[in-house]
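Notes follow the structure.
Nothing in this text is a laboratory measurement; each read-out follows from the coordinates by a stated rule. Computed from a prediction, not measured in an experiment: that's the story for all the values here. We place every Cβ from the backbone using ideal geometry, glycine too, and count neighbours over all the protein chains shown.
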Amino acid sequence: MEAVHTPVLLEETLKYLAPRKTGELMVDATVGEGGHLYAFLSRFAGLKAIGVDADGEILKTARQRLSGFGERVQFYSGWSHDFFTEYPGQYKRADTILMDLGVSLFHYEKSGRGFSFRHDEPLDMRLDTSSGLSAAELLARLSQSDMADLLFANAQERYSRRIAKAIDQAKQSGPVNSSAALAEIVHQAVPPAYRHGPFHPATKTFQALRIAVNGELSRLEYVLEAAFRVLEPGGRLGVISFHSLEDRIVKNFFREKNRDCICPPQSPICKCRGQRMVTMLTRKGVSPGQEEARKNPPSRSARFRAVEKILDEAGS
């Protein structure tokens with residue numbers, strides 16, 4: 001078993017999400033290679049856990065990595081929003097939920113699905129390869145204007161129109177179905193100064209496509225709400241995001257739960273009884289320290305936010 005992913009903000013998540021009593025249940029809703037969960041199970045002997053991931057291949061790595069914990073850890077293969085929506089009856093409500101929204105280095109380096117522009121691979125980008133459109137199929141279907149809108153909406157790509165035009169022109173000669181081909185199209189489309197900046201010019205294009213293929217933004221708010229419903233009062237929910245679009249959704253979700261009343265204005269009865277539903281554990285997003293950022297450069301953009309649930313929607 002080869003684990004290539006270094007868990008981000010590990011000590012911070014251990015600090016804010018540490019169990020308060022023996023026998024608590026933790027759900028790692030994006031378990032990946034199991035780095036965070038391994039640390040929690042190692043440090044807190046009375047903790048039990050469920051690891052959830054949509055990628056069956058990476059879940060095999062997590063199972064192997066966490067096999068030494070025996071029955072203390074169980075696994076669910078599928079999207080976290082499905083898990084929380086169908087929350088199996090054999091589990092008690094979760095005491096702690098962690099969501100690490102980043103893509104594992106496994107996907108960039110080992111999956112062979114075109115997540116990275118550093119390799120020449122089929123342009124797939126799906127976490128769950130059993131359903132949905134691949135990135136190549138999505139590119140084939142998108143018009144030039146829709147492609148430009150997607151690049152700007154999902155990654156704030158400043159040259160979205162130029163890149164979309166170049167992709168559309170390339171499609172006239174055949175499908176764009178490899179990561180290397182897409183990276184070269186983007187490289188040629190942008191101004192010379194942009195090609196030689198601190199990041200590869202195709203970084204945002206690949207991010208935008210990955211987000212679209214996996215529905216990362218469209219499902220996030222739904223996942224947060226579904227997770228909050230199965231969290232015990234007094235339980236804690238922590239989320240690690242990696243770009244401003246994700247972080248804004250998480251921040252706004254937590255702020256809404258922290259208001260004195262979250263009932264819609266048209267609601268005739270205040271179901272939450274005018275009380276805040278969470279306590280903010282992190283007033284601002286927690287960022288990696290200088291040492292972690294130096295040792296693990298992908299962590300530099302990470303932000304961690306956490307809340308403690310006070311009461312349910314019904315006010316109990």
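Dividing the summed -39500 (n - 2.57) terms of all DSSP H runs of n ≥ 4 by the residue count of the chain sets its mean residue ellipticity at 222 nm at -12000 deg cm²/dmol. Computed over the chain, relative contact order equals 17 percent, with contacts defined as Cα pairs under 8 Å that lie 6+ residues apart. Based on alpha carbons, the Rg and Dmax found for the range 1-157 are 17.6, 56 Å.
Compared with the direct C-alpha span, the chain from Ser178 to Arg141 gains 11.8 nm at full extension, assuming 0.36 nm per residue.
Calculate, for Glu71 and Glu109, the FRET efficiency according to 1/(1 + (r/R0)^6) with r their C-beta to C-beta distance and R0 25 Å; round to the nearest 0.05. Using R0 = 25 Å, I get an efficiency of 0.20.
Placing a label point 7 Å from the Cα of Thr282 along the Cα-to-Cβ line, the residues of the range 292-312 whose backbone N sits under 19 Å from it are 292-310.
A straight chain from Glu291 to His196 at 0.36 nm per residue would run longer than the Cα-Cα distance by 31.5 nm. Taking 0.36 nm per residue of separation and subtracting the current Cα-Cα distance, fully stretching the chain between His187 and Arg20 would add 55.0 nm. Counting charges near Ala29 (Lys, Arg +1; Asp, Glu -1) among other residues having Cβ under 9 Å from its Cβ returns a value of -3. Sorted largest first, the spans of the alpha carbon positions of the chain along the three principal axes are 60, 53, 39 Å.
Annotation for Ser130 and Ser301: the two label points, set 7 Å from Cα along the Cα-Cβ direction, are 3.0 nm apart.
FRET efficiency for the pair Thr6 and His119, taken as 1/(1 + (r/R0)^6) with r the Cβ-Cβ distance and R0 = 25 Å, rounds to 0.80.
Among Lys15/Lys251; Lys60/Lys165; Lys48/Lys204; Lys257/Lys295, which pairs are too far apart, with a Cα-Cα distance over 30 Å? Table pairs above 30 Å Cα-Cα are Lys60/Lys165; Lys48/Lys204; Lys257/Lys295.
Here is the P(r) of the range 112-198: all C-alpha pair distances, binned every 5 Å from 0, give 3, 15, 22, 28, 21, 9, 2, 1 in whole percents. Peptide packing for 125-133, 35-43 was compared via the average number of neighbouring C-beta atoms within 10 Å per residue; ordered from the highest value, the list is 35-43, 125-133. Applying 1/(1 + (r/R0)^6) with r as the Cβ-Cβ distance of Arg63 and Asn252 and R0 = 41 angstrom yields a FRET efficiency of 0.75.
When the chain is treated as a Gaussian network with alpha carbon springs shorter than 10 Å, the biggest mean-square fluctuation among Phe253, Phe228, Phe115 belongs to Phe253. Projecting the Cα atoms of Thr61, Pro19, Leu41 onto the charge dipole of the range 1-62, computed from C-beta unit charges around the Cα centre, puts Pro19 farthest toward the positive end. Here the chain carries DSSP beta bridges of which approximately 40% are antiparallel, counting only pairs with both residues inside.
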